[in-house]
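Below is one structure, written out as structure tokens, with a few remarks after it.
The values are calculated or read from the model by the stated rules, or taken from the named source; none is laboratory data. Quantities reported herein were computed from a predicted structural model and do not represent experimental measurements. Don't worry about glycine lacking a Cβ; one is built from the backbone with ideal geometry, like all the others, and counts go over all protein chains shown.
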Amino acid sequence: MAFEYHLSDIVDFLGADMEKSLDVVITGIASLDNAIGGDISFIANPRHAKSLSKCRASAVIMPRGYEKDFSGICVYSSHPYLSYAKLSKWFDTAIISPSGVHPSAVVANDASIGANTSLGPNVVIESGVSIAEGSQIGANTFIGARSTIGKDCRIKSNVSVYHDITIGDSVTIHSGAVIGSDGFGFAPNGKGGWEKIHQLGGVLIGNKVEIGACSTVDRGAIDDTVIGDGVILDNHVMIAHNVKVGENTAMAAFAGIAGSAKIGKNCFFAGDAACLGHLEVADNVQITARSYVTKPIKKAGSYSNGGLPLMESKKWRRNAVIFGKLEKLAKSMTGKILDKEY
Amino acid sequence: MAFEYHLSDIVDFLGADMEKSLDVVITGIASLDNAIGGDISFIANPRHAKSLSKCRASAVIMPRGYEKDFSGICVYSSHPYLSYAKLSKWFDTAIISPSGVHPSAVVANDASIGANTSLGPNVVIESGVSIAEGSQIGANTFIGARSTIGKDCRIKSNVSVYHDITIGDSVTIHSGAVIGSDGFGFAPNGKGGWEKIHQLGGVLIGNKVEIGACSTVDRGAIDDTVIGDGVILDNHVMIAHNVKVGENTAMAAFAGIAGSAKIGKNCFFAGDAACLGHLEVADNVQITARSYVTKPIKKAGSYSNGGLPLMESKKWRRNAVIFGKLEKLAKSMTGKILDKEY
Amino acid sequence: MAFEYHLSDIVDFLGADMEKSLDVVITGIASLDNAIGGDISFIANPRHAKSLSKCRASAVIMPRGYEKDFSGICVYSSHPYLSYAKLSKWFDTAIISPSGVHPSAVVANDASIGANTSLGPNVVIESGVSIAEGSQIGANTFIGARSTIGKDCRIKSNVSVYHDITIGDSVTIHSGAVIGSDGFGFAPNGKGGWEKIHQLGGVLIGNKVEIGACSTVDRGAIDDTVIGDGVILDNHVMIAHNVKVGENTAMAAFAGIAGSAKIGKNCFFAGDAACLGHLEVADNVQITARSYVTKPIKKAGSYSNGGLPLMESKKWRRNAVIFGKLEKLAKSMTGKILDKEY
């Protein structure tokens, strides 16, 4: 797709400053190394600034101080990475579907469909659903009975939203995601098997939430599972029943939060990080890659229990064997070298 | 949705006893802390009993011995949690679709569709499929050629069941799940690449199985992959080709069983627990969170190799460095402190 | 399904040799232990050869040297496992859909649909899509605007391919997979929340790639995410934005590659193996199960940091406690037993 923007409009939109008064037409956005004439680029990180001298972009978004290194037009922003983020949507080639209901969509008579919404091909909307203005529902997506979807949402193709789910405004849900599936609740039936506990709660998703492809958010057992405003979830994330995730918390791929855990605001769960059930995690906690929360965390900070040093597999196996004997090793030292505290 | 049940009917259904002969109308089910008048609640765990005195529920399911603490109606059950599980379905708001085939469903002429079944919008049923009475197939779900689905199943929306799959009675499969995809079988082609091994087996799923959202069960390479009666799988579970899972085994989210492993009955795989391929695990084995089976397990019990103590990331990194030197550390001790056995 | 092949045709197809000149009809393929009359079997591994004497197959593919142990027809191949792989497709019961566009498919007028393609029920093809000859698109699958799919692909049911994706020839994508979802890119907005970075790149998938069920490949932030020719990905694999995966690399279930990592050719990531972002991994690297790459790998070989010895959970917990004190333990030894190097 072809884009043509006046650089002056970009600068105005970003609230940035422009050194040179030259206005040019910008036709693309690119990294410093790959930019060509017509592109706008940006310094996301000061260590990338060394690419400036060879950068062929027509303009670069940068903090003040790098103008000597770049021969093109300098666009000054105190937060170039944020400016890039804001500008990125001007170059998004994702289709904005025209408003309307595709003839192949199956929409219950009593559903409430707002203005300027788009329901794609083969979308299925059950009874009592409400979809507010400006939202787009992608092809082959299912919205269960009585669920409500706020304004300006982007629900992509092949998403499943079960019944009685509440989704706020400006929420994006990627393909393959499932919202409101049954929590994993079963009681031993006394005969070696399981009695299903029907999951009666819903899911309450705030505003400006993004949920990645193939991620799942289970409905609550009795009360709702809650995803706060501004939460961002990568692909393959699992939010179990009754979990509460605080505002603006971010979780990378394969993060998993077990049932009834309560995660604070502005937390970050790195890839494959997790939290056991029924635990509470304070605000501003970071869990590093492949670590998982095994006890309540009351204090902001970074916590780990995963991520041992990578080494050749042969060496690993020898060290791993010793791990299995750590208790013995420590005991044999106790009373000889180590004090009682140990 | 509005529910109205006579408490006496509930007590009869549960085979429970009721202290007071008052019959009341029950309109909801709730936890002890959140219940309001009209609700029935339950003591799932003795440590919750302290909430009884303030509980506003009209009735509480409890073992005998707590009646002094509760001013409402006591419903006695020797297994209150199981009673709650059984009762939960009375309050389930999931839609039971009316029988019939939605006009938008695409159903092969030679498919056998039982009485009182429901095929939702855009369901696709290929040739030779058999669906027994009382089963419900959700919107946009695909059932491949010659697969059979037993009685009273609940296959939710956007599920994919490949060809030649056999599913028992009373099976629930949640959205995004995939049953019968190809096992991961490839032979080196001698030129640095891979020759696909076509996966010729099927999947055999027993009765009363539940499979969570976005979980996958691959078809066998030659023989079938087998999921026993009563197995319950959470979301994002992976069952590879040729695996056998014994009756009533439970697996939490992200559990993964590699090819040709054989898991016993009544096992429990916690979140992210796994088993390497071609191993056999006895009955009644528990694998703790993020642990994985690296050798055959012949004896019932709980096994681990994951879950180190959570600590501040700085401290973790220092300990992790030492881990990489464990062999050296142990060797330096050998002959000085530790005996030969070490 | 019933198969009937002349053994002589099989031998010709495989370029194998047959000892006995008897031609027989082969009706199935099976393992040595389960084969019955009419079946052809194979020795995948020399240690299976002990099953030969009791094997009831009509013919067995084997290397020379085992003919004394088998009373049926010996088919000689220097690579029996590869021969089996090649032959397996003769016994595949997956439906090859007839060419044509199902009446329920929704296909944009300007889409280019090649000869001998099959678009299944409820397939949705957006504007500008190109699908080359011989490809099959399964039921309820979505192909976004301007994406191109090469020749002889098998895209299964309920797959989502976003806009501007390029897929090569002979690619298989299993159900529930998502190609081209947004990379996980957000900039802190300076107010505690996140500004979405629109993901402007695409995904470039080579030839002969296989992508498993519920796997996801995110689109690039600016440039493309790239999957090389011959790459094979199991189920639940995550390829983040801007990742490059080299030719013929294989990844087992739950493998995850974080953003902008560059993985070499002919690598193997075992189950749940991962790579942190922005790292480069050389060709011919193996990452063992549940290990993950924490630093660049420049040399071929096998690397680990996951997989401690499995033990009874009680014992594990005691050892794990000591792990948390490793630094202390090591320090207390330093200067007494260990040299400075430690």
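Which condition number does B:Leu204 fail, the rest of (1) surrounded by fewer than 20 Cβ atoms within 10 Å (Cβ to Cβ); (2) more than 12 Å from chain C (Cβ to nearest Cβ); (3) farther than 29 Å from A:Ala213 by Cα being met?
Condition (3) is where B:Leu204 drops out.
Going residue by residue through segment A:109-124, is there one that turns out to be surrounded by fewer than 17 Cβ atoms within 10 Å (Cβ to Cβ) and within 25 Å of B:Thr141 (Cβ to Cβ)?
yes
Can you tell me which residue within segment A:294-334, out of those that are of a type in the set (Val, Ile, Thr) and in the same structural domain as A:Asn266 (by TED's automatic domain parsing), is nearest to C:Phe323 (Cα to Cα)?
Filtering first and then ranking leaves A:Thr294.
For segment C:286-293, indicate whether the set of residues that are under 25 Å from A:Leu326 (Cβ atoms), touching a Ser or Thr at 6+ places or on another chain (Cβ under 6 Å) and either not acidic (Asp, Glu) or not assigned by TED's automatic domain parsing to the domain that holds C:Val245 (or both) is non-empty.
Yes, segment C:286-293 contains a residue that is under 25 Å from A:Leu326 (Cβ atoms), touching a Ser or Thr at 6+ places or on another chain (Cβ under 6 Å) and either not acidic (Asp, Glu) or not assigned by TED's automatic domain parsing to the domain that holds C:Val245 (or both).
Which of the residues spanning segment A:314-327 are closer than 16 Å to B:Asn305 by Cβ, within 8 Å of chain C (Cβ to nearest Cβ) and in a helix (DSSP H, G or I)?
A:Trp316, A:Arg317, A:Ala320, A:Val321, A:Phe323, A:Leu326, A:Glu327
May I ask you to list pairs of residues, at least six apart or on different chains, whose Cβ atoms are under 6 Å apart, with the first in segment A:145-157 being within 12 Å of another protein chain (Cβ to nearest Cβ) and the second being acidic (Asp, Glu)?
A:Ala145/A:Glu126; A:Arg146/A:Asp164
Just checking, does segment B:122-133 include any residue being part of a loop (DSSP other than H, G, I, E, B), within 30 Å of A:Ile173 (Cβ to Cβ), out of contact with any Leu (no Cβ under 8 Å at 6 or more places or on another chain) and touching a residue at least 40 places away in the same chain (Cβ under 8 Å)?
No, every residue in segment B:122-133 fails to be part of a loop (DSSP other than H, G, I, E, B), within 30 Å of A:Ile173 (Cβ to Cβ), out of contact with any Leu (no Cβ under 8 Å at 6 or more places or on another chain) and touching a residue at least 40 places away in the same chain (Cβ under 8 Å).
Looking for whichever is assigned by TED's automatic domain parsing to the domain that holds B:Ala35, out of contact with any Phe, Trp or Tyr (no Cβ under 9 Å at 6 or more places or on another chain) and small (Gly, Ala, Ser) here; the options are B:Ser71, B:Ser118, B:Ser104, B:Ser77. Which one fits?
After applying the criteria, what remains is B:Ser71.
State yes or no: is B:Arg64 more than 14 Å from chain A (Cβ to nearest Cβ), over 17 Å from A:Asp223 (Cβ atoms), out of contact with any His (no Cβ under 7 Å at 6 or more places or on another chain) and part of a loop (DSSP other than H, G, I, E, B)?
It is true that B:Arg64 is more than 14 Å from chain A (Cβ to nearest Cβ), over 17 Å from A:Asp223 (Cβ atoms), out of contact with any His (no Cβ under 7 Å at 6 or more places or on another chain) and part of a loop (DSSP other than H, G, I, E, B).
Just checking, which of C:Ile227, C:Ile179 is modelled with pLDDT of 95 or more and more than 10 Å from every other protein chain (Cβ to nearest Cβ)?
Just a single option satisfies the conditions, and that option is C:Ile227.
Which residue, of C:Ser99, C:Ser58, C:Ser53, C:Ser104, is more than 14 Å from chain B (Cβ to nearest Cβ) and within 30 Å of C:Val124 (Cα to Cα)?
After applying the criteria, what remains is C:Ser99.
Of all residues in segment A:218-234, how many are more than 16 Å from A:Phe268 (Cβ to Cβ) and under 13 Å from the mean Cα position of the chain (by Cα)?
Of the residues in segment A:218-234, 1 are more than 16 Å from A:Phe268 (Cβ to Cβ) and under 13 Å from the mean Cα position of the chain (by Cα).
So which strands (runs of 3 or more DSSP E) stay within segment C:190-301 end to end and still have 3 or more residues that are more than 20 Å from C:Gly180 (Cα to Cα)?
C:285-287
Determine, yes or no, whether B:Gly246 is more than 10 Å from chain C (Cβ to nearest Cβ) and at pLDDT 95 or above.
Yes: the conditions hold for B:Gly246.
Being surrounded by fewer than 20 Cβ atoms within 10 Å (Cβ to Cβ), touching a residue at least 12 places away in the same chain (Cβ under 8 Å) and within 14 Å of chain A (Cβ to nearest Cβ) is the requirement here; does C:Gly138 meet it?
no
Filter segment B:9-42 down to the residues that are aliphatic (A, V, I, L, M) and touching a residue at least 60 places away in the same chain (Cβ under 8 Å), then identify the one that is farthest from the other protein chains (Cβ to nearest Cβ).
Here the answer is B:Val11.
Being part of a loop (DSSP other than H, G, I, E, B) and either within 16 Å of C:Val171 (Cβ to Cβ) or more than 14 Å from chain A (Cβ to nearest Cβ) (or both) is the filter here, so list the residues in segment C:110-120 that pass it.
If the condition is that a residue be part of a loop (DSSP other than H, G, I, E, B) and either within 16 Å of C:Val171 (Cβ to Cβ) or more than 14 Å from chain A (Cβ to nearest Cβ) (or both), then C:Gly114, C:Ala115, C:Asn116, C:Thr117 are the ones that fit.
Within segment B:16-33, can you find the residues that are of a type outside the set (Val, Ile, Thr), surrounded by fewer than 17 Cβ atoms within 10 Å (Cβ to Cβ) and either in contact with a strand residue (DSSP E or B) (Cβ under 7 Å, 6 or more places away or on another chain) or at pLDDT 95 or above (or both)?
B:Asp17, B:Glu19, B:Lys20, B:Leu22, B:Asp23
Quick check: anything in segment B:165-174 outside any loop (DSSP other than H, G, I, E, B) and among the polar types (S, T, N, Q)?
Checking segment B:165-174: at least one residue is outside any loop (DSSP other than H, G, I, E, B) and among the polar types (S, T, N, Q).
From C:Ile149, C:Ile167, grab the single residue that is crowded, with 24+ Cβ neighbours inside 10 Å, assigned by TED's automatic domain parsing to the domain that holds C:Ser118 and under 16 Å from the mean Cα position of the chain (by Cα).
Matching residue, one of C:Ile149, C:Ile167: C:Ile167.
Has segment C:95-107 got any residue that is under 26 Å from C:His236 (Cβ atoms) and within 24 Å of the chain's Cα centre (by Cα)?
Yes, segment C:95-107 contains at least one residue that is under 26 Å from C:His236 (Cβ atoms) and within 24 Å of the chain's Cα centre (by Cα).
Taking the conditions exactly as written (crowded, with 23+ Cβ neighbours inside 10 Å and of a type in the set (D, E, K, R)), does A:Asp272 satisfy them or not?
yes
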